[in-house]
Every structure is written in structure tokens, then in C-alpha cells.
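Here is the structure we will look at, set down as C-alpha cells.
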Amino acid sequence: MHSISTRTGDEGLTGLLYGQRVPKDHPQIEAVGCFDEFNSALGVAKANCPVPERRAELERVQKELVALMGEVVCAEENAERYASSKFEKIDEACLARMDAGVAALEAKKLNFDGWATPGANAHAASLDLARAMGRRAERRLVTLASHGKTIRPVTRQYVNRLCDLLWLMARDAETGT
């Protein structure tokens, strides 16, 4: 059995997708770390979720975030290699599912006034926490452009819609659904 402790990061470096070594505070590592935190927060929301269909949707999103992290942690010089790889990628179908989820929750005419105050129940609070972490990850994703990293528009759109969806899910969860 291989140890998870490789010690290759002891000097403050870590690896990008195809093996390039960069400092652990490199913008791509910062961004992928934020998405990892976001994914963990979604795990808490999933664990607190009483609705099987929503749990399944949160799990699907977690798997999509793993795919998104692959794009984020790929060096710019390997973008074509990544694009032609068999790795799962965020695509228009993923974005369409986010849009459909937003539309379905908006159709419920959820009742809210102004800014939400998280904490009505554990599930709603965990969705709000995940959304806030998602917005931080989104900011890190957008920042990558100023560091020479190309992020596909569909990827940015997906993260934005996902955070919108989580906000609506939290409002819905406050009603006990």
C-alpha cells in the first residue's frame, strides 16, 4: 500500500495536473484549494439533506467539481492536452442542468425579503456555507485570467449558476423542503 504522505511538498511545492511543480501559494493551487473546500462544504450540505433527490443532485455537483478542478489545475501549456483527454469536463449540459434547477426553484415562488440570514436549520445553513465558499472559489477562478490561465466561459458560468442554485436551495430548505 502506498502512503498518502509522499513528502514531495515538504519544500512548499506541489504538482499541477501533468506534473509541473509550482509553489503551494500559486494562483491555480489557491483556486483548486478553494474548490476543494467548496466540495467539502457540499458534502456537509449533502449529509444534512433530508430530501433524497436533492442529495443526489448535490452528489452529482460534487463529481462535477472534481472535473472542474482538473481544468483549474492544468497548466496553460497543457490546455490542448487536457481538452483532448478523457477527463470529465464541465459542458453545456451541466450548465443547462444548473439553469433548470434555478428555474424550478424560482417557480416555487420562495418567500424571502432582502438578504438571507443563514441558520434556519442545519441543511439550509450548510447550503449557505457551501454557497459562500463557492463564491470565494468563483473569485479565485476569475483571478486566474490575470495570471495567464484560460478558463472556458462555460466553466465560469457553471460556477456562477451553481452558487445561485445553492442560494435558492437554502431558501427552499428554510421552509423544510
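Taken together, the values in this text are just the output of simple stated rules run on the coordinates, not laboratory data. Quick caveat: nothing in here was measured; it's all calculated off a predicted structure. Glycine gets a Cβ as well: all are built from the backbone with ideal geometry, and neighbour counts include every protein chain shown.
If R0 equals 22 Å, the separation of the Cβ atoms of residue 136 and residue 67 corresponds to a calculated FRET efficiency of about 0.70. Express in whole angstrom the spacing between the alpha-carbon centres of the range 1-44 and the range 157-173. Taking the Cα centre of each part, the range 1-44 and the range 157-173 sit 26 Å apart. In plain terms, if you count all Cα to Cα distances in the range 77-171 and split them into 5 Å steps from zero, the share in each step is 2, 12, 18, 20, 19, 12, 8, 5, 3, 1 percent. The ellipsoid that matches the Cα gyration tensor of the range 1-97 has semi-axes, each √(5λ) in whole angstrom, of 27, 19, 12, with the longest given first. Evaluated over the range 13-174, the count of Lys pairs having alpha-carbon atoms less than 19 Å apart is 5 (only pairs 8 or more residues apart or interchain).
Projected over all directions and averaged, the alpha-carbon convex hull of the chain occupies 11.9 nm².
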